[in-house]
1. Among the residues of segment 90-110, which ones are of a type in the set (S, T, N, Q), assigned to a helix (DSSP H, G or I) and more than 10 Å from Gly29 (Cβ to Cβ)?
2. Please give the number of the condition Arg81 fails out of (1) assigned to a helix (DSSP H, G or I); (2) on the phi > 0 side of the Ramachandran plot; (3) not aliphatic (A, V, I, L, M).
3. If the Cβ limit is 8 Å and pairs must be 6+ apart or interchain, which residue in segment 11-31 that is crowded, with 16+ Cβ neighbours inside 10 Å pairs with which residue that is assigned to a helix (DSSP H, G or I) and of a type in the set (Phe, Trp, Tyr)?
4. For the structure I just gave you, tell me whether Asp129 is surrounded by 12 or more Cβ atoms within 10 Å (Cβ to Cβ), out of contact with any His (no Cβ under 9 Å at 6 or more places or on another chain), outside any strand (DSSP E or B) and of a type in the set (Asp, Glu).
5. Does any residue of segment 70-77 turn out to be part of a strand (DSSP E or B) and touching a residue at least 40 places away in the same chain (Cβ under 8 Å)?
6. When Gln89 is evaluated against the numbered criteria (1) surrounded by fewer than 21 Cβ atoms within 10 Å (Cβ to Cβ); (2) touching a residue at least 40 places away in the same chain (Cβ under 8 Å); (3) of a type outside the set (Lys, Arg), which criterion, by number, is the only one it fails?
7. What are the residue pairs meeting all of these: first residue in segment 44-66, first residue crowded, with 16+ Cβ neighbours inside 10 Å, second residue assigned to a loop (DSSP other than H, G, I, E, B), Cβ atoms under 6 Å, and 6 or more apart or on different chains?
8. Assess whether Thr35 counts as being in a helix (DSSP H, G or I), out of contact with any His (no Cβ under 6 Å at 6 or more places or on another chain) and crowded, with 16+ Cβ neighbours inside 10 Å.
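Read-outs: derived from the displayed coordinates by stated rules, not from any lab. Since the structure is predicted, the reported quantities are computational estimates derived from the model, not experimental observations. Quick reminder, even Gly has a Cβ in these numbers, built from the backbone with ideal geometry, and neighbours come from all protein chains shown.
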Amino acid sequence: MTRFAIDADTALRLVSDGRAPSAPHTLVGPTVLRTHALETLYRDVRAGRLTDAEGRRLLDGVATLKIRLLGDRVSRATAWRIAVRLDAQNTRLAAYLAVATLQADVLVTDDPELRTAAEHSGVPLGGFDDLLR
């Protein structure tokens, strides 16, 4: 069993592809994951890349995705420390790195900025296909 930390884009990819992680695996993410998914979907609807109905369907899919979302005091404090260490302008990436550090075996993301931050933070990275094995 592997615990995978995922970002909002990975959650959206799972939902849009109609995929779920293999049975022994579990998903974790920060509580802001759903908000980040909402932002992405709303932006895509506004830009005409998705219809309103498609955006809402995907948002519902993210809401029902089996994932443990963390936003406790320790996660927030860890995100703060990571953001300071990375000299980040905000805690957006650090929230994912904190959850990956505290609760996951590996982080799955295609976001180049998050991947680079993970490498600088010593967070192990995995690929999308790892979720399905």
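1. Thr101
2. Arg81 satisfies all of (1) assigned to a helix (DSSP H, G or I); (2) on the phi > 0 side of the Ramachandran plot; (3) not aliphatic (A, V, I, L, M) except (2).
3. Arg13/Phe128; Gly29/Tyr96; Pro30/Tyr96
4. Details: surrounded by 12 or more Cβ atoms within 10 Å (Cβ to Cβ): no; out of contact with any His (no Cβ under 9 Å at 6 or more places or on another chain): yes; outside any strand (DSSP E or B): yes; of a type in the set (Asp, Glu): yes.
It is false that Asp129 is surrounded by 12 or more Cβ atoms within 10 Å (Cβ to Cβ), out of contact with any His (no Cβ under 9 Å at 6 or more places or on another chain), outside any strand (DSSP E or B) and of a type in the set (Asp, Glu).
5. Filtering segment 70-77 down to residues part of a strand (DSSP E or B) leaves 70.
From what's left, touching a residue at least 40 places away in the same chain (Cβ under 8 Å): 70.
Yes, there is a match, as at least one residue in segment 70-77 is part of a strand (DSSP E or B) and touching a residue at least 40 places away in the same chain (Cβ under 8 Å).
6. (2)
7. Asp44/Leu50
8. Working: in a helix (DSSP H, G or I): yes; out of contact with any His (no Cβ under 6 Å at 6 or more places or on another chain): yes; crowded, with 16+ Cβ neighbours inside 10 Å: no.
Taking the combined requirement at face value, the residue does not satisfy it.
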